[in-house]
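A.B. asks: So that we are looking at the same thing, I have put the structure below in structure tokens.
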There are 2 protein chains.
Amino acid sequence: MAEPPQTGNLSRPGERVPGPTAERGAARSRLPTLEDVARVAGVSRATVSRVVNGVRNVDPDLHAVVWAAVDATGYVPNRAARSLVTRRAGTVALVVSDSEEHDDDPFLGRFFADPFFGRVVGGVLSVLRPAGVQLGLHLVGSPPARVRLVGDLRQGQADGVVLLSLHPDDALPGLLAEAGIAAVMVGRPARPAPISYVDVANEAGAALAVERLLARGCQRIGLVAGPEHVPASQDRVAGFRQAMARRGYAWSPSEAGNFTRESGEAAMRRLLAAHPDLDGVFVANDLMAQGALVALHEAGRRVPDDVAVVGFDDSSAAQAAQPPLTTVRHPLEVMAAEATRLLLARIEEPRLRVASVIHDPVLVVRRSA
Amino acid sequence: MAEPPQTGNLSRPGERVPGPTAERGAARSRLPTLEDVARVAGVSRATVSRVVNGVRNVDPDLHAVVWAAVDATGYVPNRAARSLVTRRAGTVALVVSDSEEHDDDPFLGRFFADPFFGRVVGGVLSVLRPAGVQLGLHLVGSPPARVRLVGDLRQGQADGVVLLSLHPDDALPGLLAEAGIAAVMVGRPARPAPISYVDVANEAGAALAVERLLARGCQRIGLVAGPEHVPASQDRVAGFRQAMARRGYAWSPSEAGNFTRESGEAAMRRLLAAHPDLDGVFVANDLMAQGALVALHEAGRRVPDDVAVVGFDDSSAAQAAQPPLTTVRHPLEVMAAEATRLLLARIEEPRLRVASVIHDPVLVVRRSA
DNA sequence: CGCAGGTCAGAGAGCGCTTTCCCGCCCGCG
DNA sequence: CGCGGGCGGGAAAGCGCTCTCTGACCTGCG
């Protein structure tokens, strides 16, 4: 240990401490290279490289000697040098593409505070780590930021992109495709683009919700929709209407929110005001459903006895809600993992066809319906 | 656009598509280099490098000529090549160090689903982006994974580390310090280590909670503590006891949870069983407080009229709770940003003294107390 | 016994960039 | 008018790695 512990007291940053750190600096400046290992093992650089990368038949004896030398020297391959010649970064970028506002925002808005983000990260990492690939995190808001990102990417920042686009008319999917950058989206692109994606069958999920509500005996079912231009929302709304129509309900009252808790509360209030006799409601995501619960509570409705509520996402908000939400679970981690696998395959073989994988959602029954 | 859109149908990955992609591949293989820019500008590589990096006085005319050439060629510096010679990755790693279990877990456990994670990411990114530094995400569980990480880091994976240690006796802070890797922790290390950190004044936060409860007229105040070996929990508990003692309360009933909603519910239930006359409770984090609310509701207690509840964190769970939680807010984004600034400073100047910065928490009054 | 064919290790050429070293020029002063 | 000094630009040496090319050696067959 080169420095004494400093814990517990408030020492101002900015002071320099002399001494031990210097020798540490010196130690860092000279890490073992292939050359060093080769010298120790008594072979050429090329051979060490072959052994370390496990290529071609190398004499088993030499093999052992080289590995011993690697251990002895504490050698770790230099990533930059390797990247330079292989033209591979060994890194995949997770790009969150949001609307303008975040670009200069100090803390990048609401999204990161959403558990949604973490679930995606978890899924991506579960595939990347076994593959020995690093994950880089990027956030883009403004159009110039998108262009900059594409530049960075072309230049080898990352070998591919897992794209989370939250912006209804996002240019990024198109830009990436044009630049020939391997990319896979989680959630279908808002506008058709030649890009692979993984999604959940939102329509089918909405149908599950409708089934549940109907099976409970609900007769007057309302809808709290999400933002008009977001694909996930569109699909859920469409699925809801189709499923209702199939059961004979030509029309249902609806109000739209923007996927936030507050907007859900407001939408539910409007819905209730216009249709006091509602006995069931499908809310296009859990956050809004949580808000809807508040509105229903305030209006004196018991859930699920007076009004049954089904959400969508099975986010942590669903379990936190009072009563816990019956909701449609989409396997976000699995989807993110699948997207990552698709991406790695495409990086390996760029000529692979653009593909889409649609996962089936599942109804999670809790207390709200 | 090189390929037709494939949206809407399930095409199997694995098929190859001939044609356009080939020329795209060729296009990618030959990106403009410094050499190209130099040729176009009619100067040497060295000069272009100087202009691009803004070093030394270059003739203003040439300066303009070079930038024009850069634009014309669409040049972007190759990161790997630059890293190789500068020995800088231009990347900072955000390392989440958790306990064993996650290491081989498919989806890396609960943590990523916690909004906590996202807030830290947001704070870190808010500093990194203006500085033009990339963010790499790493998760380590098992001891071997920690050692591997240190190896990767030494070899130039990243220039420094923002460390989130969730594991009470984590070896990583020590390992990083020993290896001479620039690192800053968010939250103090569980065991003293020569590593900079940023933290919130947990004791002071607990004191705020106590003040609030007392000011409301609570007489019999209980405590739902967090895990025994986690620093944040220890400090909050200590702060609670000290503040209570200062007001004449020598002892208070308490039960411990492990920071999860369920454990909070269980702890509250135990507390209530043993001390039915409680009229106030401080819960060491919001998630547990949310659980406590459920237990109180089930026990027929009204919040805050019968029992007032104060949480800690001001996580999204606090707003979601019914009633919304009065809680202690620690400025996690600000702290993460501060940690990142500290890290960048230390990368720039490795001889800086190990430092700690403690932020003051604030009481956020909502309905629960 | 000679030669084709095969296998495996080493030599060396870069990958694209930064940076040192050096040279040529110009200015100012003696 | 001569010379010293400073400044701006070019040549070139690597950074650590991969990978092709080459050559040595061995085997087996004609």
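A.B. asks: Need the failing condition index for B:V51 against (1) away from DNA strand D (no atom under 16 Å from the Cβ); (2) buried (at least 23 other Cβ atoms within 10 Å of the Cβ); (3) modelled with pLDDT of 85 or more, just the number.
C.D. replies: (1)
A.B. asks: Here's something else I'd like to know. For the range B:352-365, enumerate the residues that are assigned to a loop (DSSP other than H, G, I, E, B) and either touching a residue at least 24 places away in the same chain (Cβ under 8 Å) or more than 7 Å from chain A (Cβ to nearest Cβ) (or both).
C.D. replies: Once the filter is applied, which keeps residues that are assigned to a loop (DSSP other than H, G, I, E, B) and either touching a residue at least 24 places away in the same chain (Cβ under 8 Å) or more than 7 Å from chain A (Cβ to nearest Cβ) (or both), the range B:352-365 yields B:V354, B:A355, B:D360, B:P361, B:V365.
A.B. asks: For the range B:330-349, does any single residue satisfy the condition of being closer than 30 Å to B:G90 by Cβ, in contact (Cβ under 8 Å) with a residue 12 or more places away in the chain and of a type in the set (K, R)?
C.D. replies: yes
A.B. asks: Same structure again: Can you tell me which condition B:L325 does not meet? The list is (1) touching a residue at least 60 places away in the same chain (Cβ under 8 Å); (2) of a type in the set (A, V, I, L, M, F, W, C); (3) out of contact with any His (no Cβ under 8 Å at 6 or more places or on another chain), and all the others hold.
C.D. replies: Just one mismatch for B:L325, condition (1).
A.B. asks: Just give me the residues in the range B:195-221 being within 13 Å of chain A (Cβ to nearest Cβ) and either under 21 Å from B:G248 (Cβ atoms) or surrounded by 19 or more Cβ atoms within 10 Å (Cβ to Cβ) (or both), in sequence order.
C.D. replies: Selection gives B:I195, B:S196, B:Y197, B:V198, B:D199, B:E203.
A.B. asks: Moving on. In the range B:183-194, what residues are at negative phi, within 14 Å of another protein chain (Cβ to nearest Cβ) and in contact with a strand residue (DSSP E or B) (Cβ under 6 Å, 6 or more places away or on another chain)?
C.D. replies: B:A183, B:V184, B:M185, B:R188
A.B. asks: In the set B:A292, B:A284, which member is modelled with pLDDT of 95 or more, under 30 Å from the mean Cα position of the chain (by Cα), buried (at least 20 other Cβ atoms within 10 Å of the Cβ) and within 19 Å of B:F116 (Cα to Cα)?
C.D. replies: Of B:A292, B:A284, the one residue that is modelled with pLDDT of 95 or more, under 30 Å from the mean Cα position of the chain (by Cα), buried (at least 20 other Cβ atoms within 10 Å of the Cβ) and within 19 Å of B:F116 (Cα to Cα) is B:A284.
A.B. asks: If A:D314 satisfies all but one of (1) in contact with a His (Cβ under 9 Å, 6 or more places away or on another chain); (2) without any contact (Cβ under 8 Å) to a residue 12 or more places away in the chain, what's the number of the condition it fails?
C.D. replies: (2)
A.B. asks: Are there any pairs, at least 6 apart or on different chains, whose C-beta atoms fall under 7 Å, with the first in the range A:259-275 and without any contact (Cβ under 8 Å) to a residue 24 or more places away in the chain and the second surrounded by fewer than 19 Cβ atoms within 10 Å (Cβ to Cβ), and if so, which?
C.D. replies: Between residues of the range A:259-275 that are without any contact (Cβ under 8 Å) to a residue 24 or more places away in the chain and residues that are surrounded by fewer than 19 Cβ atoms within 10 Å (Cβ to Cβ), the close pairs are A:A274/A:P253.
A.B. asks: Something else: Inside the range A:80-100, can you point out the residues that are assigned to a helix (DSSP H, G or I) and more than 8 Å from DNA strand D (Cβ to nearest atom)?
C.D. replies: A:S83, A:E100
A.B. asks: Please specify each residue of the range A:142-163 satisfying the condition of being surrounded by fewer than 22 Cβ atoms within 10 Å (Cβ to Cβ), under 29 Å from A:D235 (Cβ atoms) and more than 10 Å from chain B (Cβ to nearest Cβ).
C.D. replies: A:S142, A:P143, A:R146 - these are the residues of the range A:142-163 that are surrounded by fewer than 22 Cβ atoms within 10 Å (Cβ to Cβ), under 29 Å from A:D235 (Cβ atoms) and more than 10 Å from chain B (Cβ to nearest Cβ).
A.B. asks: Something else now. Within the range B:60-85, track down each residue that is more than 9 Å from chain A (Cβ to nearest Cβ), surrounded by 12 or more Cβ atoms within 10 Å (Cβ to Cβ) and not aromatic (F, W, Y).
C.D. replies: B:L62, B:H63, B:A64, B:V65, B:V66, B:A68, B:A69, B:V70, B:A72, B:T73
The values are calculated or read from the model by the stated rules, or taken from the named source; none is laboratory data. It should be emphasised that the depicted structure is a prediction, and the values quoted were computed from it without experimental measurement. In this analysis, Cβ positions are derived from the backbone assuming ideal geometry, glycine residues included, and neighbour counts consider all displayed protein chains.
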